[in-house]
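The values are calculated or read from the model by the stated rules, or taken from the named source; none is laboratory data. Just so we're clear, the structure is a prediction, and the values are computed from it rather than from any experiment. Methodologically, a virtual Cβ is constructed for each residue, glycine included, from the backbone with ideal geometry; neighbour enumeration extends over all protein chains shown.
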Amino acid sequence: MKDANELLLQLVQDVNELKIVIKQGFEKVNNRIDEESMKNFFKDKGFINIIPITEGLSRDKKYLISTEDKRQYFFKIKISAGYEETKADFDMFEQLYNHGVPMPKPIEIGICPLGPYIMDEALDEKYEGLRTFLSKLDNEENYSCGIEVGKILKKVHSSPIRNVYSRDWGYHFKKWAGSAMERYKKHEIHFEGEEYFIKILENYENYLKSEQICFLHWDFHAGNILVKNGDLKIIDFGKKKNVDGDPYKDFADFMIQGYKYPHFIAGMINEYFQDENDKLREFFISIKLYIVYNLFIMMTDSKQSHLLDYRIRAAKKVLKYYNNMKNDIPSWYIKSYLPDTF
């Protein structure tokens, strides 16, 4: 016969399992209510062919919707944001679009049963990711595409938008560097050569070279650039878009995987900096800090824990190409594209 402690333990386990079942039941009911309310909302707005989009890590709900005359829109419900924050985002996107940044046109902001939403023009299915597009090009064409992306990034950085939270960049980055280090230690992630990354993050001030502060994309990488017949579109501005910062930060994700498309990276960098060799030198120093920071953030992202091994392999490649971070220019960078003075 089970003693009292065993019976009590079994009872606790049964109660916990029952709580899980009840919670799952409530979630299913709420989801059905949400689906029905959104179905009625879209019907009242005259939309048909409502297709939920499940890709991505955010809690936001996304749909591809269309009208009877076959116009398509991207509909995004900002689940965790209030109306004022959503409106600030919409106004920002309108300013960027009017400034000439190639991006989906912002159409409408409003409130639906699940919260505030933003509706943009939808890009048709013929658009493909930049990685796929680059894989079809030769080296010269990769370089030319890099030039076009460099022009776009300059356009983003020249935006007249100035954010409320535009304090000293060093002030912000000190907090973020400290937070990234704490997260890394908490997750107890280790890999050979990590000490070279830690040293850079601890001495972050030595790598903050740019005096320019501007509007940033904050999530600028190949996955957020779409292409159709050479026409480029930028999507998915990052969460910190209300903070202005060092323009070099937007290059970090491209530089982490630059060995995959060095001709493209060279075109992008040469177009962005052109003959400003002093700024180019600053860039190659600063970008090491932003590479390390981005990798630490990615490795400790609980939503992407399944990608940890991949992130660590990326970190090891960075250490290899930068000679344990002793070099400012990675070994994959095609030296013939550098100015003669380098």
>> When you check Asn242 against the structure, is it among the polar types (S, T, N, Q), touching a strand residue (DSSP E or B) at 6+ places or on another chain (Cβ under 9 Å) and touching a residue at least 12 places away in the same chain (Cβ under 8 Å), yes or no?
In response: no
> What number goes with the only condition from (1) at pLDDT 95 or above; (2) assigned to a loop (DSSP other than H, G, I, E, B) that Asn163 does not pass?
Replying inline: (1)
> Does segment 294-342 hold any residues that are surrounded by 13 or more Cβ atoms within 10 Å (Cβ to Cβ), closer than 12 Å to Ile256 by Cα and among the charged types (D, E, K, R), and which are they?
Replying inline: Arg311, Lys316, Lys317, Lys320
>> So for segment 283-302 (the condition being more than 26 Å from Lys185 (Cβ to Cβ), in a helix (DSSP H, G or I) and touching a Phe, Trp or Tyr at 6+ places or on another chain (Cβ under 8 Å)), does at least one residue qualify?
In response: yes
>> Give all pairs with beta carbons closer than 9 Å in which a residue from segment 52-65 that is basic (Lys, Arg) and surrounded by 13 or more Cβ atoms within 10 Å (Cβ to Cβ) meets a residue that is assigned to a loop (DSSP other than H, G, I, E, B) and at pLDDT below 80; count only pairs at least 6 apart in sequence or on separate chains.
In response: Lys62/Glu55; Lys62/Gly56
> In segment 250-262, is there at least one residue being within 20 Å of the chain's Cα centre (by Cα), surrounded by fewer than 20 Cβ atoms within 10 Å (Cβ to Cβ), without any contact (Cβ under 8 Å) to a residue 60 or more places away in the chain and under 30 Å from Ser80 (Cα atoms)?
Replying inline: no
> Taking segment 66-89, which residues are surrounded by 19 or more Cβ atoms within 10 Å (Cβ to Cβ) and more than 24 Å from the chain's Cα centre (by Cα)?
Replying inline: none
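Identify all residues within segment 193-223 that are part of a helix (DSSP H, G or I) and within 30 Å of Ser135 (Cβ to Cβ); write none if there are none. Write out each step before concluding.
Step one: filter segment 193-223 for residues part of a helix (DSSP H, G or I), giving 194-202, 204-207, 222-223.
Phe197, Ala222, Gly223, listed by residue number.
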> What pairs can you find where one residue is in segment 186-215 and crowded, with 16+ Cβ neighbours inside 10 Å, the other is among the β-branched types (Val, Ile, Thr) and part of a loop (DSSP other than H, G, I, E, B), and their Cβ atoms are less than 8 Å apart, with a gap of 6+ or different chains?
Replying inline: Ile189/Thr300; Phe215/Ile161
> Only one of Lys185, Lys175 is over 26 Å from Asn323 (Cα atoms) and of a type outside the set (A, V, I, L, M, F, W, C); which?
Replying inline: Lys175
> In segment 96-120, what count of residues is obtained for those that are under 20 Å from the mean Cα position of the chain (by Cα) and either surrounded by fewer than 16 Cβ atoms within 10 Å (Cβ to Cβ) or not in a strand (DSSP E or B) (or both)?
Replying inline: 7
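For every residue, the table says whether it meets (1) without any contact (Cβ under 8 Å) to a residue 12 or more places away in the chain; (2) β-branched (Val, Ile, Thr); (3) out of contact with any Lys or Arg (no Cβ under 8 Å at 6 or more places or on another chain); (4) over 15 Å from Glu194 (Cβ atoms).
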| position | (1), (2), (3), (4) |
| --- | --- |
| Ser286 | no, no, no, yes |
| Lys303 | no, no, yes, yes |
| Ser336 | yes, no, yes, yes |
| Thr341 | no, yes, yes, yes |
>> Quick test of your reading of the structure: Lys239 fulfils all but one of (1) modelled with pLDDT of 95 or more; (2) closer than 22 Å to Asp91 by Cα; (3) of a type in the set (D, E, K, R); (4) loosely packed, with under 15 Cβ neighbours inside 10 Å. Name the failing condition by number.
In response: (1)
